[in-house]
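Colleague: Here you go, one structure.
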């Protein structure tokens, strides 16, 4: 009887140890899984915050532009984006202070250099890397009155846009999510041909330039979006990602 009790007691101890091990393994599995979710969630939160910064600054550029056109009586050809960080935006002829976006007498906006965390660092050798660009070299699909013509090389078809080239793909995707723009098959929509973010705006809407059209029409009539390059105008090939914000639709 005594031996039988001992065997039962020993068996109970073994069963308890087995159940305890199973419980600990289950708890560890849950902890590891939850940790992975937390890491993924934290990264998505960072991307969302970065996307908001880019969208907000693009919007600030647009608002400042519209403000000085309406309140200060500046025509689109009077606008100046001259700043102390990026050379080449000196307006011709010299712009009045009231028409300068980065003047306290004009748009009252400060030039904000892009955060390097936003960028694809493998493209750091590109001339426009690490800078906001302002250009009048593109006609944006579905935006403004000029896009109805079949000839997008005409000066009057061009829109004034701000661009931020060479972004990270994951950030580009989140920007579009926040803007309500479709990322087909989980990828940013792709430009159908090529677009120009290199020609700096100095008050002139010239002939030539590009039509900013997206395969599938995912950004038609959209004043802001993040897109994938295509044919390689100034290196903006497939696999590179770029944000644009329309400042003046023409």
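The values are calculated or read from the model by the stated rules, or taken from the named source; none is laboratory data. The shown structure was predicted, so the numbers you read here are calculated from the model rather than taken from an experiment. Please note: Cβ atoms are built from the backbone with ideal geometry, for glycine as well, and neighbour counts cover all protein chains shown.
Colleague: Every residue in the range 200-211 that is crowded, with 20+ Cβ neighbours inside 10 Å and either in a loop (DSSP other than H, G, I, E, B) or at pLDDT 80 or above (or both), please.
Modeller: 201, 203, 205, 209
Colleague: Here's another thing I want to ask about it. In the range 101-125, which residue that is free of Cβ contacts under 8 Å to residues at least 24 places away in the same chain and over 23 Å from the mean Cα position of the chain (by Cα) is surrounded by the most Cβ atoms within 10 Å (Cβ to Cβ)?
Modeller: It comes out as 103.
Colleague: Identify the single condition in (1) in contact with a helix residue (DSSP H, G or I) (Cβ under 6 Å, 6 or more places away or on another chain); (2) surrounded by 18 or more Cβ atoms within 10 Å (Cβ to Cβ); (3) modelled with pLDDT under 85 that residue 188 does not satisfy, given that it satisfies every other one.
Modeller: With (1) in contact with a helix residue (DSSP H, G or I) (Cβ under 6 Å, 6 or more places away or on another chain); (2) surrounded by 18 or more Cβ atoms within 10 Å (Cβ to Cβ); (3) modelled with pLDDT under 85 applied to residue 188, the lone miss is (3).
Colleague: OK, next. So if I check each of 229, 203, which one is over 15 Å from residue 244 (Cα atoms) and touching a strand residue (DSSP E or B) at 6+ places or on another chain (Cβ under 9 Å)?
Modeller: Numbers: 229 fails: over 15 Å from residue 244 (Cα atoms).
Just one listed residue meets the conditions, 203.
Colleague: Scan the range 69-76 and give yes if some residue there is modelled with pLDDT of 95 or more and within 24 Å of residue 173 (Cβ to Cβ), otherwise no.
Modeller: Step one: list which residues in the range 69-76 are modelled with pLDDT of 95 or more, which gives 69-76.
The next check asks that each one be within 24 Å of residue 173 (Cβ to Cβ); those that pass are none.
No, the range 69-76 contains no residue that is modelled with pLDDT of 95 or more and within 24 Å of residue 173 (Cβ to Cβ).
Colleague: Does residue 142 fit the bill of being in a loop (DSSP other than H, G, I, E, B) and at pLDDT 95 or above?
Modeller: Working: in a loop (DSSP other than H, G, I, E, B): yes; at pLDDT 95 or above: no.
Considered against the rule, which asks whether it is in a loop (DSSP other than H, G, I, E, B) and at pLDDT 95 or above, residue 142 comes out as no.
Colleague: A further question follows. Going by the structure shown, is residue 195 within 18 Å of residue 54 (Cβ to Cβ) and either part of a helix (DSSP H, G or I) or in contact (Cβ under 8 Å) with a residue 12 or more places away in the chain (or both)? Give the steps one after another, and end with the answer.
Modeller: Numbers: within 18 Å of residue 54 (Cβ to Cβ): yes; either part of a helix (DSSP H, G or I) or in contact (Cβ under 8 Å) with a residue 12 or more places away in the chain (or both): yes.
Against the criterion (within 18 Å of residue 54 (Cβ to Cβ) and either part of a helix (DSSP H, G or I) or in contact (Cβ under 8 Å) with a residue 12 or more places away in the chain (or both)), residue 195 qualifies.
Colleague: Further question: Which residues, taken from the range 77-88, are out of contact with any helix residue (DSSP H, G or I) (no Cβ under 7 Å at 6 or more places or on another chain), closer than 15 Å to residue 61 by Cα and in contact (Cβ under 8 Å) with a residue 60 or more places away in the chain? Even if it seems obvious, please write down each step before you answer.
Modeller: Step one: filter the range 77-88 for residues out of contact with any helix residue (DSSP H, G or I) (no Cβ under 7 Å at 6 or more places or on another chain), giving 77, 81-88.
Keeping just the survivors that are closer than 15 Å to residue 61 by Cα gives 81-83.
Answer for the range 77-88, where residues must be out of contact with any helix residue (DSSP H, G or I) (no Cβ under 7 Å at 6 or more places or on another chain), closer than 15 Å to residue 61 by Cα and in contact (Cβ under 8 Å) with a residue 60 or more places away in the chain: just 81.
Each row is one residue, and each column tells you yes or no for (1) at pLDDT 95 or above; (2) part of a loop (DSSP other than H, G, I, E, B); (3) farther than 21 Å from residue 239 by Cα; (4) out of contact with any strand residue (DSSP E or B) (no Cβ under 9 Å at 6 or more places or on another chain).
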site	(1), (2), (3), (4)
107	yes, yes, yes, no
112	yes, yes, yes, yes
136	no, no, yes, no
147	no, no, yes, no
162	yes, no, no, no
175	yes, no, no, no
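Colleague: For the range 47-66, does any single residue satisfy the condition of being in contact with a helix residue (DSSP H, G or I) (Cβ under 8 Å, 6 or more places away or on another chain) and farther than 22 Å from residue 179 by Cβ?
Modeller: No, the conditions are met nowhere in the range 47-66.
Colleague: So, in the range 216-250, of the ones that are more than 16 Å from the chain's Cα centre (by Cα) and part of a strand (DSSP E or B), which residue ends up modelled with the highest pLDDT?
Modeller: In this case the residue turns out to be 248.
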